[in-house]
Amino acid sequence: MALVCIFIVSRIKRHTNSVEECFQVALLLGIAAYWLPWVLLMILPVWGYLIYRNLFSFRSFLSTLIGLAVVAVWIFVLFQLSILNPPFSLLPSPFSILNYIPVISFLLAWLASAVARNILKVR
């Protein structure tokens, strides 16, 4: 999911609107958050990258929230229809963050390389 979200966000052209991409990223992360709730924290580096590239707006923020709300409504509906069973534990264990060290390090490396590439382009 992290790679797909990075692919979507990195394909946004400069001086364009990022609303649709923020919605797509929120949908993907919302679906993944059903099994791994810590995945929702990946939205913060995406927002940071969009702020850095001056592509983040209030509409992008709202589209992210709407994307997460769409997933939440569908999960609620599927629970009510007994199509979907709840996950094993609704609350993650405190040590489950250790499982995300590779994802977090990959995101930080990607963000640092994107910033370095942008700085080198400016010069």
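A few notes on this one:
- Condition check for Val77: among the β-branched types (Val, Ile, Thr), touching a residue at least 12 places away in the same chain (Cβ under 8 Å) and either farther than 23 Å from Ile119 by Cα or assigned to a loop (DSSP other than H, G, I, E, B) (or both): no
- Near pairs, Cβ below 9 angstrom, 6+ apart or cross-chain, from the stretch 57-74 (over 10 Å from Cys22 (Cα atoms) and surrounded by 13 or more Cβ atoms within 10 Å (Cβ to Cβ)) to any residue that is polar (S, T, N, Q) and modelled with pLDDT under 90: Ser57/Asn17; Ser57/Ser18
- Meets criteria (assigned to a helix (DSSP H, G or I), modelled with pLDDT under 80, at negative phi and among the small types (Gly, Ala, Ser)) for Ser63: no
- If you go through the stretch 97-123 and keep only what is modelled with pLDDT under 75 and more than 18 Å from the chain's Cα centre (by Cα), you end up with Leu98, Lys121, Val122, Arg123.
- Residue that is nearest to Arg53 (Cα to Cα) [pool: residues in the stretch 1-19 that are touching a residue at least 12 places away in the same chain (Cβ under 8 Å) and part of a loop (DSSP other than H, G, I, E, B)]: Arg14
- Close contacts from the stretch 105-118, counting a first residue that is in contact (Cβ under 8 Å) with a residue 24 or more places away in the chain and a second that is among the aliphatic types (A, V, I, L, M) and surrounded by 14 or more Cβ atoms within 10 Å (Cβ to Cβ), with Cβ to Cβ under 7 Å and a gap of 6+ residues or different chains, come to Phe106/Ala2; Leu107/Ala2; Leu107/Met42; Trp110/Ile6.
The values are calculated or read from the model by the stated rules, or taken from the named source; none is laboratory data. Nothing here was measured: the structure is a model prediction, and the numbers come from that model. Heads up, the Cβs are rebuilt from the backbone with ideal geometry, glycines too, and the neighbour counts pull from every protein chain shown.
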